[in-house]
Number of protein chains: 6
Amino acid sequence: MAGSALRSSDEIPGPILVVAAHPDDIEVHCGGTLVQLVAQGKRLSCVVCTSGNRGTDNPDVTMQEIGASREREQRAASDIVGVKDLTFLRHDDGDLAFIVPQLREEIVRIIREVRPRTVITHDPYPGDGGGDSCSIYPDHTTVGLVTFQSAFVCAPGPLFYPGHLRDGLRPHKPESLYLVMSANPSVFVDITETWPTKQAAIRQHKSQGRATPECDREMTRINGENGQRAGVQFAEAFRILLPS
Amino acid sequence: MAGSALRSSDEIPGPILVVAAHPDDIEVHCGGTLVQLVAQGKRLSCVVCTSGNRGTDNPDVTMQEIGASREREQRAASDIVGVKDLTFLRHDDGDLAFIVPQLREEIVRIIREVRPRTVITHDPYPGDGGGDSCSIYPDHTTVGLVTFQSAFVCAPGPLFYPGHLRDGLRPHKPESLYLVMSANPSVFVDITETWPTKQAAIRQHKSQGRATPECDREMTRINGENGQRAGVQFAEAFRILLPS
Amino acid sequence: MAGSALRSSDEIPGPILVVAAHPDDIEVHCGGTLVQLVAQGKRLSCVVCTSGNRGTDNPDVTMQEIGASREREQRAASDIVGVKDLTFLRHDDGDLAFIVPQLREEIVRIIREVRPRTVITHDPYPGDGGGDSCSIYPDHTTVGLVTFQSAFVCAPGPLFYPGHLRDGLRPHKPESLYLVMSANPSVFVDITETWPTKQAAIRQHKSQGRATPECDREMTRINGENGQRAGVQFAEAFRILLPS
Amino acid sequence: MAGSALRSSDEIPGPILVVAAHPDDIEVHCGGTLVQLVAQGKRLSCVVCTSGNRGTDNPDVTMQEIGASREREQRAASDIVGVKDLTFLRHDDGDLAFIVPQLREEIVRIIREVRPRTVITHDPYPGDGGGDSCSIYPDHTTVGLVTFQSAFVCAPGPLFYPGHLRDGLRPHKPESLYLVMSANPSVFVDITETWPTKQAAIRQHKSQGRATPECDREMTRINGENGQRAGVQFAEAFRILLPS
Amino acid sequence: MAGSALRSSDEIPGPILVVAAHPDDIEVHCGGTLVQLVAQGKRLSCVVCTSGNRGTDNPDVTMQEIGASREREQRAASDIVGVKDLTFLRHDDGDLAFIVPQLREEIVRIIREVRPRTVITHDPYPGDGGGDSCSIYPDHTTVGLVTFQSAFVCAPGPLFYPGHLRDGLRPHKPESLYLVMSANPSVFVDITETWPTKQAAIRQHKSQGRATPECDREMTRINGENGQRAGVQFAEAFRILLPS
Amino acid sequence: MAGSALRSSDEIPGPILVVAAHPDDIEVHCGGTLVQLVAQGKRLSCVVCTSGNRGTDNPDVTMQEIGASREREQRAASDIVGVKDLTFLRHDDGDLAFIVPQLREEIVRIIREVRPRTVITHDPYPGDGGGDSCSIYPDHTTVGLVTFQSAFVCAPGPLFYPGHLRDGLRPHKPESLYLVMSANPSVFVDITETWPTKQAAIRQHKSQGRATPECDREMTRINGENGQRAGVQFAEAFRILLPS
C-alpha cells in the first residue's frame, strides 16, 4: 500500500462533516487531518452521537455528570482543532444500535443542513476487530452504517423525510466517505506537521485517560505506524467509500 | 349537555392544525367547522397520516393505486372545504401503532412549522368503542395520543428534537386540542349553515363509498343527532383537552 | 340492564372463533355458552395465544414443563366443552404486548381460515380494572385489541397480508365481536343448564388452582352474580362490538 | 364517595414502594401521605423513572444540566419527606413508552429488592384526561401499567427474569396498588397535619415552577378539593387496585 | 479463480426462487442466467421486497407514483427474461432492516410455496463495499441475511410459523443459495449467448436511468470483467452458500 | 499459522464463562478444551441462550417437548464435560436478533456474577459463512456480538444496568474472548487427550443427530483438520479478541 496511497488533505473537498460515536473519536482518528482542513479554510462540522454518558468505571458519578464532563472536554478539544460547528446528539452510550430509525433521521437532516462534499465517519465494515476490538463496538459500526446509508441513499432522495424539505432543507449527496478505524485503509494523510496540535487536542479528553504518558505513547505508536505505511513520520488512515 | 355546550367556531382560535389518520376523517368529523374557520380567514393546515393504502376489499388494486386515488379524493374534498395546506405522511394503513417514534417526530415538526393555537385530532381516549367501533381503531387512537403528547409535551420543549431548532423552527405550544370521535364530547359547533358544503366534501371520497345515498343518510343522521344534543339542526361534536 | 339484555346463544351465529390469552380464559369466561353452541351444531375454533408458560410460583419447574402441563389441561377442558379445533400459538406468557405485529398476522390468518361469523375475545377496553384487575393485564387487552383490529380491519382487506391469498385464503369479515372480562357487558347468556359442564371443564386447570373448593365458590359467585343481573341462575356476560 | 371513603394512612401497610415517572410527581400526588408513613416508622423506597431531562422551555440548558438540577431538587424534596431510599432510573423524558421491556425488568427487580406490601404509582387507566390532561401523558400511564404488571404478574413469578433469583432475589407479590392521578379515586387520606411539610417538599422543585405563589395556590386548591370530598381540610386521593 | 470456476446454468437445479431488494436488482445481477434457466424449462419465481418507492431525486413525484412506475418497468423486464411468477412485497424503500420479523415470515412462506431447489439472493456478507458500495446497502444485506436464515433454518422447520402448515404449506429446505453482489464470487455463469436479452431487460428500468448509453457501457464493462475472470465474453458471478 | 499458534489450555485463565446460542454448540466447538480446564480445577460456567426449541423437522413434537429434550441432552453432555454451572436462558430458537436489549442485560448480569477472566463465545465476525454457513446463523452472530459488547463495554461499566449493583453485583471486565466458529482462528488447543471425552459428550445430543456414525466422522474430520493446522492429532480452534 505504502507511500503510493498517500493523499494530501488538499484533495479532500469541503465542506466536511464528521459523524462520530463518542467524545474523543474525532481527535483520535482524524484530528491531524481536520486541523489541516480548517487551515485550508474549509467549512467543518462535527457530530458526536453519544456523549459517552456510561463510559466510566467510577461508581460515584452519574450519567449526567459523566456526559457533561465529556462534552466539556470535547469542546476544549474541538477548540484546539478549530471546529466551530459541534453538535451533540446525546443518545445513551452503548445503545445506538437500538435507535437506528431515529438516528438516521437526525443524520440525514444534518447532511442536508451542512451539505458536505466529504463525510468522515466510522467504518461500518471495519474488519473482524482483530487489529482493534474497539472498531467493532456496536456504537461505532452503527454510526458508520447509518451515516453511510444516510449519505448515499437517504439524504439525496426527496422522498426520505420529506418534512425536511418543508423546513427549507434540500436533498444533498456527498461525494465520498472517509472511514476511520478500518482494517483496510486505502489512503493515508500525512499529519506530521499538525501532530503536536492533534496531541494537544487528544489530551483534552482527560476523563478518558487521554492526558497520560501511556496514552501519548499509544497515540504516537499508532500514528507513527500509519506514517510508516505511508512513508512519512505521522499519518492518519482512511478507507474511502464512493457512491455506486 | 344540551345547548349550553354550544360553542361558536368564532371562539376557536387560528391558526388551526388538523391531524387525521386517514383520508375522509377530516371532512366526516369536522368538515363543517373547518369551512367556517376558513371563511373567518383563519389559517388552516391538514395532515393525513396514512393514505388509506390498504382500505379496500377490491383484490385487484395495489396499495399504490388505492393510496393514490384516496389522495386525489382527499385533495378534491380539501378544495371544497377550502384547505390550502394539505400534507400526506403516507405511512402504511393499519400500522401507525408500530411507528410511534417516527410519527411523533413528524407531528412535532409540523406543529412547530404551522404554530397552531388549536389542534384538531382523534380522541386518544374515545371511550370503549361501543358507540362507534371506528373510534378505537388503533390508527385513530395512535394519532390522537401521539398528537396529544406532541402538542402539549414535545413541541413546546426545545430539548425534544433539537435538530428542528437548527433548521429555524422554534418550540411551540398549542392552546387547546379539539378531539373528534369522542364518546364524551364537551362542545358542539353549529354547522347548519355549512352542512351542504360539508356533504359535498364528504362525497368526494367515492372510493370509500361516500358518494352513495346510504352514506348521505348516515351522515345526515349523525350530524343531526349531534345537532339535537346542541339544540340546532346540524352540529359537530368535540371533546376539548387543555394542557395541564 | 337486567333481564332485558338476556340473549339466547341461539342468536350467536356460527362458525365461532374464540381468541384467548391464556389457558383457562376460555372456560372461565364463556365455557357455558360454548357448550351450548357446540350442542347447536355450530363450528367452533379456539386459539390460546400463550400457554401460560410463566404462570407459576413454583420455582422448581421450567417454562417448558409449565407450558406443557397447561396445554394438557387446556386439552382436557376443551374436550369437555366439545372443542375440536384448538390451536396454541405458544408465545411467552406476559410478553404479548411486545409482539403485536407478529401476533396480528397469526390472528388474521386464523380468521381467514376459520371464517367465523362471531369472534369471542378479551375486551380491549374493559374498564379500569376496578372490578377485576385481571381484565387489564396487558396480555388480555393486547389480545383483545389485536383481535378487534384483525377482525374488522385487517382480515377483510386483501391488501393486509396478501401472501395469505396466494395460499388460498380469502379475505373475511366477522359480523360481531363478543368481548369477555368487560366492565360494561351488554348481553348475558343464560348458562344455567350447562353450568355443571362448565364447572367440570374449569376444574381441568388444576395447575392453576382451579380444582379447589375455593375456586368452585368463586366461579359460582361470579356466574351467579351475572345470572342475577340477567334474571336467571347462572349467566355469562359479554360486551358486543359491531363493525362501524 | 365522601367521607366514608376516608382511609387512615395507618391502614397502608409498609414497606411501601413509590414508582413515579418524573421528579415532583411523588411530592405533588402523595407527599402528605408519605410523611405520615415515614413517621409511622414504615420503610419507604422511591423510584423516579426519568429525571425530567427534557422538561424545560429554556433553550440554553442541556439535557444533562436539566436532569442534574431536577435530581438535586428531588433529593431536597425527598429529604423533607423523609425518604431515605431514592433511585433514579434516568430514562429519557417523554420516551418511556418506547422502552417498556427494559423498564419492566428494572421495576420487577426493585419490587423483589424492596419487597413492598404497598406500591404507589400512576393510574394506568386514569380516565380520559378531562380532569387533568397530565394524567394521560404517555410517561405516566406507561409507568402505571408497567408497575401494575410487574407487581401482580411478573415480580411474583419465578419464571419472569429468573436471573434475579440467581442474584439472591426472591419472587414477591405486593398486596395492593395505590394509584395516583386517577379520575375515579376510591379512598382519600387526610393530610391536614402534614400539609405544611408536603408544601415545603413541593417547593423544592423550583426549576419546575413549584416555588411560586401560583403553584402554592394550585396545590392548595387541589388538596383542598380532595379534602372537601373526604370531609377534611386537605386530602390526597388514591384508587386502590387489588390483585385478582 | 479463472475459468475453472465456470459453472453451466444446466447445473443449477430448478425450481429457482430469486429474492431481490429492489426493481432492477434481478436483471442487473443474474438476468442472463435466468434467461437460460427459463429456456431449460425450469420453474422460476421472483420476489421484489420493495418497489423502490423512494428511489428518485425528482421532488415532484410521490412514493405511490414512483413505486407504481418501478413495478411497471419490473414487469416489462420480467416479461423479457421470461419470468411468469413475480411478486411485489411493497415494503418501504430503505427501511427493510426495520421490519425483519415481518419480512422473514413472508419469505419463509414463499419458500414453502415455491419449494425451490435453488435460491438466488443478495450476499449477506458481500465484503466491505469497497468494490461496489451498493452491495452493503442495508436493504441488500437485510434481504440476503433474512433469505439465508429463511432458506436454511426457518422454512425447513415445522415449528417456525406453524400457521403455514395449517394452510397446506409444508416445510421445505432449498439445496443451495446463489449470492449476487459478492466481493468473493465462487462461480461464474457464461451468459454470452443471453447477453443481448439481459441488456434488453435491464433497459426496461428507464426511470432508474437504465436505458442510457452510460448504463449500457457500465453493464458491458461489469459483465465483461466477470467474463474475463471466467474465460468467456460475458459472465455473471455468484457466491454459492450451502447448508451446514 | 501452523504449530506456532498452538496454545496450551494451561494458559487460559479461569474462571471461564461459555456463552453459546444452542444446545450442542459448546461440546462441538470447545468441549475438548473445557474438559482440560475442568481437570485443571478452573471454575467453569456455561450459558445456553435458546434451548433449540424449533430445531427439528419432526412435525409431531411441540416447542416445549423439543426444548425439554434438548435440555436433557445438554445436561447429560455437560455432565460428561464436567460442567457444574449450566444456565438455560430459554429464548426462542431463531429469534435472538429480535431481543438484543433483553439478552444483553442477561449476559451482563451473568458476567458480573461469574466474574470470568476468559469468555468463550461465537465469533461475531466469523467470515462470510463460506467455510461453514452455520457460523453466520443470526443466532450465532447475535450471541457473539452481544457477549462481546457485554464483556468489554457493559459489564465493566457501573452505569450500565446500575440495578445489578444494588443487588450486590460489581462491575467486571474479562481479560479476553475466545471465539469459536471463526474463519480466521488465531490459536489452536491440542485436545488429543480429551478427544474421546469430547466425542462422548457430543453423542449425548441424540435428537440433533449427534449419535450417528456420520456425525462421528464429521467431528473427527473437523477436529482432525484443526489438529493438522496445529501439528497435533486433534485440536480446537479459537480467535482471540482482546479489549482495546
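The values are calculated or read from the model by the stated rules, or taken from the named source; none is laboratory data. It should be emphasised that the depicted structure is a prediction, and the values quoted were computed from it without experimental measurement. Counting neighbours? That spans all protein chains shown, and the Cβs are built from the backbone with ideal geometry, glycine included. For the accessible areas, the whole protein counts, side chains as well, though only heavy atoms, and no ligand, DNA or RNA atoms are used. Shrake-Rupley method; radii C 1.70, N 1.55, O 1.52, S 1.80 Å.
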If you put a point 7 Å past Cα along the Cβ direction, how far is that point for A:Gly209 from the same point in each other copy, in nm, smallest first? 4.7, 4.8, 4.8, 5.3, 6.9
Total charge dipole magnitude, chain C, about the Cα centre, Cβ charges on Lys, Arg, Asp, Glu only, Debye to nearest 20: 840 debye
Between D:Thr192 and C:Glu214, what is the spin-label point distance in nm, taking each point 7 Å from the Cα along the Cα→C-beta axis? 4.0 nm
Treating the beta-carbon of each Lys and Arg as +1 and of each Asp and Glu as -1, no other charges, what is the dipole magnitude of region F:1-101 about its Cα centre, to the nearest 20 debye? 440 debye
Between the chain alone and the structure with every protein chain in place, find the residues of region E:159-203 that drop at least 50 Å² of accessible area; heavy atoms, 1.4 Å probe. E:Leu159, E:Phe160, E:Arg166, E:Asp167
Using the charge dipole of region A:101-140 (Lys, Arg: +1 at Cβ; Asp, Glu: -1 at Cβ; taken about the Cα centre), state which of A:Ser135, A:Val114, A:Tyr125 has its Cα farthest towards the positive end. A:Val114
Shortest first and in nm to one decimal, what separations exist between A:Val100 and its copies in the other chains, measuring from label points 7 Å along the Cα-to-beta-carbon line? 0.7, 0.7, 2.2, 2.2, 2.3
J(HN,Hα) series, region E:7-21, from Karplus relation 6.51 cos²θ - 1.76 cosθ + 1.60, nearest Hz, glycine and proline x: 10, 6, 4, 4, 7, 8, x, x, x, 10, 10, 10, 10, 10, 6
Nearest 100 Å², what total accessible surface is buried between chain C and chain D (probe 1.4 Å)? 1700 Å²
Nm distances between copies for C:Pro59, ranked from closest, using label points 7 Å along Cα→Cβ: 2.4, 4.3, 5.7, 5.7, 6.5
Given a cut-off of under 8 Å on Cα pairs at least six residues apart, what relative contact order in percent is computed for region F:113-158? 37 percent
List, by residue number, every residue in region F:30-73 with a reduction of 30 Å² or greater in accessible area between the chain on its own and the complete protein assembly, 1.4 Å probe. F:Arg54, F:Thr56, F:Thr62, F:Met63, F:Gln64
Using only the Cα atoms of the protein assembly as shown, build the gyration tensor, take square roots of its eigenvalues as a ≥ b ≥ c, and label the shape rounded, prolate or oblate: rounded if a/c is under 1.5, else prolate if a/b is larger than b/c, else oblate. rounded
What does the charge dipole of region D:177-218 about its Cα centre add up to, to the nearest 20 debye, if the Cβ of each Lys and Arg holds +1 and the Cβ of each Asp and Glu holds -1? 200 debye
Tell me, what HN-Hα J-couplings in whole Hz come from the Karplus equation 6.51 cos²θ - 1.76 cosθ + 1.60 at θ = phi - 60° for each residue of region A:217-222, using x for Gly and Pro? 4, 4, 5, 4, 4, 5
Cα shape, chain B, gyration tensor, a/c 1.5 rule: oblate
Between region E:190-210 and region C:44-69, the Cα center-to-center distance that results, in Å: 56 Å
For region C:90-244, what is the percent of antiparallel DSSP beta bridges, rounded to the nearest 5? 60 percent
Please state the relative contact order of chain C as a whole percent: Cα pairs under 8 Å, 6+ residues apart? 27 percent
Once amide H atoms are placed 1.01 Å from N in the peptide plane, what residues at a sequence separation of 5 or more from E:Cys46, or on another chain, have their amide H within under 5 Å of its amide H? E:Val18, E:Asp85, E:Leu86, E:Thr87
At least 20 Å² of accessible area lost relative to the chain alone, listed for region A:111-130 with a 1.4 Å probe: A:Glu113, A:Tyr125, A:Asp128
Quick calc: nm separation of the 7 Å Cα→Cβ label points for A:Gln40 and D:Ala200 -> 6.6 nm
Let me know the shape class of region C:178-220, please: from the alpha-carbon gyration tensor, a ≥ b ≥ c as square roots of the eigenvalues, rounded when a/c is under 1.5, otherwise prolate if a/b is greater than b/c, or oblate. prolate
How many angstrom lie between the C-alpha centres of region E:73-118 and region E:155-189? 13 Å
Could you please state how large a percent of the accessible area of the protein assembly as shown is carbon and sulfur, counting protein chains only and using a 1.4 Å probe? 50 percent
Pairwise label distance in nanometres, D:Leu242 with F:Asn184, each label 7 Å out on the Cα-Cβ vector: 6.5 nm
Per residue value of the accessible surface for chain D (all protein chains in place, 1.4 Å probe), Å²: 34 Å²
Please give the calculated 222 nm ellipticity per residue for the protein assembly as shown, where each DSSP H segment of at least 4 residues contributes -39500 (n - 2.57) and the sum is spread over every residue; nearest 500 deg cm²/dmol? -12000 deg cm²/dmol
Nearest the rotation axis from D to B, which residue of chain D has its beta carbon, and at what whole-angstrom distance? D:Tyr125, 5
Considering only protein heavy atoms, with the full assembly of protein chains and a 1.4 angstrom probe, order E:Ile240, A:Ile16 by accessible area, largest first. E:Ile240, A:Ile16
